[in-house]
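**Student:** My questions will all concern the structure given below.
The values are calculated or read from the model by the stated rules, or taken from the named source; none is laboratory data. Note that the coordinates shown come from a computational prediction; the quantities given were computed from them, not determined experimentally. Here the Cβ positions follow ideal geometry from the backbone for every residue, glycine too, while neighbour counts run over all protein chains shown. Note: accessible area is taken over every heavy atom of the protein model, side chains too, but ligands, DNA and RNA are not part of it. Shrake-Rupley method; radii C 1.70, N 1.55, O 1.52, S 1.80 Å.
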Amino acid sequence: MAGPVLAWSEKKDLLLELLGGGAGLAEALRSSLKALVLAGGPEAASEAEELAKWADEVLLATDEKFSVPDSSVFASAIQDVARSEGADLILIASTRFGREVAARLSAKMRVPCMTGCTSVKAEGGRLLIERTVYAGRAIARQECPSLPCVLAVAPRAFEKPAAERNGKVRTVSLEVPEPKLKLLSVREKELKGPRLEEAEVIVSGGRGVEKREDFAMLEELAKLLGGAVGCSRPIAEDRGWFPEWIGLSGRKVKPKLYVAVGISGAIQHVAGIRDSKVIVAINKDEEAPILSVSDYYVVGDLYQVIPALIEALKRRKGQA
Ligand code: FAD
């Protein structure tokens, strides 16, 4: 029997996913499942109560130093908890901040660390991991060499939990070090429509879309499908039309439907969409790589195909 599986993320929805995947791992390791909440204020108590439904125990530590996103402070706190609980498997959501914390934590604990895990399975006492490598060109299957270990798990790699465990919240007090960073201000990102990671449908545009105004078509299509609009990296980074993009270096998404409009399907883009349930591509080039990763595609000019699709959907909804 191994020590507990300990899950932490700075994001509640991702912590829930870790509990979803952690449940199966705890069972396979014949161990327990604990969630860790590190909060800057008392408001986290209700969050901890909610999480307790899906864990054997939720450990709650509150200290205003956790209001500052300093990865060394978080790593130190998780190390203390991991040590006192005898945790063997530490699951951290692989966000930008989470990866930083995971790396620091494994260095402090002198244990292995694997980031960007897209699958984690415990089989016959072995911990088998899949990770995307070489800029998304390949998937590496690896075995975690020893326990304890720290795994940074990609968002959406695990499903949210299904079986209730109805654990309890336990308050823990920790010696939290002074942050080395000073938080000057926090600004919310402007979001139109659902967040990309949560959207069930994404209509995404690439360099085939010539002008910013032409994205209105994609926005209309997304609205009709009840989804969000995304884009490839050059649209956000070079043209500055959107604050974020989809792909290896951007958002990794897992919608039920991903519509790639005027996107060539470069490997770095595909790395961010490969877990979509259905991929539909609209591209005028019949050799475009996106077609080979699509479930359905239309070879045609997006300026004809998108208005026709909008028209057809409106007719179906009785709006035309
Ligand atoms: P293009 O490759 O120029 O493709 C445009 C497509 O539109 C073409 O296939 C063309 O046939 C089609 N088209 C043109 N006109 C029409 C029309 N009228 N109707 C229909 N189709 C039309 N990219 C990402 O997207 N996400 C990432 O996370 C990412 N990370 C990267 C990380 C690194 C380290 C590097 C080096 C690159 C990264 N890139 C990323 C960039 C990536 O390599 C590609 O350059 C980029 O994805 C191409 O964007 P695109 O498909 O929009 O443009």
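**Student:** Would you check the accessible area of residue 54, probe 1.4 Å, heavy atoms only, in square angstrom rounded to 10?
**Tutor:** Answer for residue 54: close to 50 Å² accessible.
**Student:** Here's another thing I want to ask about it. What whole-number value in Å² describes the accessible area per residue of the chain for a 1.4 Å probe?
**Tutor:** Dividing the accessible area of the chain by its residue count gives 51 Å².
**Student:** Pairs 11/211; 34/256; 121/180; 53/252; 34/65: which are spaced more than 32 Å apart, C-alpha to C-alpha? Please list the in-between numbers first.
**Tutor:** Values: 11/211 35 Å; 34/256 30 Å; 121/180 36 Å; 53/252 28 Å; 34/65 22 Å.
From 11/211; 34/256; 121/180; 53/252; 34/65, over 32 Å: 11/211; 121/180.
**Student:** Residue separation times 0.36 nm, minus the C-alpha to C-alpha distance between residue 244 and residue 180: what's the value? Working shown, then result.
**Tutor:** Working: separation 64, 0.36 × 64 = 23.04 nm, distance 2.84 nm.
Between residue 244 and residue 180, full extension yields an extra 20.2 nm.
**Student:** Nothing charged except the Cβ atoms of Lys and Arg (+1) and of Asp and Glu (-1): what's the magnitude of the dipole of the chain about its Cα centre? Round to the nearest 20 debye.
**Tutor:** Value, rounded to 20: 300 debye.
**Student:** If you take the beta carbon distance between residue 195 and residue 128 as r and set R0 to 51 Å, what does 1/(1 + (r/R0)^6) give as a FRET efficiency, to the nearest 0.05?
**Tutor:** With R0 = 51 Å, the Cβ-Cβ based efficiency is 0.95.
**Student:** Using a Förster radius of 45 Å, what is the FRET efficiency between residue 166 and residue 63 based on their Cβ-Cβ separation? Nearest 0.05, please.
**Tutor:** Details: r = 27 Å, r/R0 = 0.60.
With R0 = 45 Å, the Cβ-Cβ based efficiency is 0.95.
**Student:** Also, I was wondering about something else. With labels modelled as points extended 7 Å from the Cα through the Cβ direction, what inter-label distance (nm, one decimal) is found for residue 213 paired with residue 311?
**Tutor:** With each label placed 7 Å out from Cα toward Cβ, I get 2.1 nm.
**Student:** If the only charges are +1 at each Lys and Arg Cβ and -1 at each Asp and Glu Cβ, what is the size of the charge dipole of the range 39-193 around the Cα centre, to the nearest 20 debye?
**Tutor:** 740 debye
**Student:** Evaluate the distance, in nm, between pseudo-label points positioned 7 Å from the Cα of residue 285 and of residue 187 along their respective Cα→Cβ axes.
**Tutor:** A separation of 3.5 nm, rounded to one decimal place.
**Student:** Modelled label-to-label distance, residue 138 and residue 319, 7 Å Cα→beta-carbon offset: nm?
**Tutor:** 4.6 nm
**Student:** Keeping all protein chains in position, work out how much accessible area residue 108 exposes to a 1.4 Å probe, and write it in Å² to the nearest 10.
**Tutor:** 90 Å²
**Student:** In whole percent, and with a 1.4 Å probe on the protein chains, what portion of the accessible area of the chain is carbon and sulfur? Present the calculation step by step, with values, prior to reporting the outcome.
**Tutor:** Numbers: 7930 of 16420 Å².
Answer for the chain: carbon and sulfur cover 48 percent of the accessible area.
**Student:** Still on this structure: In terms of solvent-accessible area of protein heavy atoms at a 1.4 angstrom probe, what is the ranking of 296, 258, 303, 134, highest value first?
**Tutor:** Sorted descending by solvent-accessible area, the residues read 134, 296, 303, 258.
**Student:** To the nearest 20 debye, what is the magnitude of the charge dipole of the range 213-308 about its Cα centre, counting +1 on the Cβ of each Lys and Arg and -1 on the Cβ of each Asp and Glu?
**Tutor:** Roughly 500 debye for the range 213-308.
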